[in-house]
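Peer 1: For reference, the structure I am asking about is given below.
Every number here is computed from the coordinates shown, using simple stated rules; none is lab data. All figures in this text were calculated on a predicted structure; none of them were measured in a lab.
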Amino acid sequence: MTHEHDPYDPPETRTFECLDCGRRVESDHQPVTCSECDGDLRDISVPREQ
């Protein structure tokens, strides 16, 4: 039996992108704000349907 990775299951280390400057950060927890511009971050590790 083959186990395929569920694309909607986030990996342990996730990628976050700043909504203001676009900087990307990898972390195992949700950072509060961007370390460069203090902007809000979003988790882009899990594909979103459009």
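Peer 1: If amide hydrogens are placed 1.01 Å from N in the peptide plane, which non-local residues have theirs closer than 5 Å to the one on R23?
Peer 2: HN-HN under 5 Å from R23: C18.
Peer 1: Could you go through region 12-28 in sequence order and give the Karplus-derived ³J(HN,Hα) for each residue, using 6.51 cos²θ - 1.76 cosθ + 1.60 with θ = phi - 60°, rounded to whole Hz, and x for Gly and Pro?
Peer 2: 4, 9, 10, 9, 10, 10, 6, 6, 8, 9, x, 4, 10, 9, 9, 7, 8
Peer 1: Can you run phi through the Karplus equation (6.51, -1.76, 1.60; θ = phi - 60°) for region 37-43 and list ³J(HN,Hα) in whole Hz, with x for Gly and Pro?
Peer 2: For region 37-43, the Karplus curve yields 10, 6, x, 6, 10, 10, 7 Hz.
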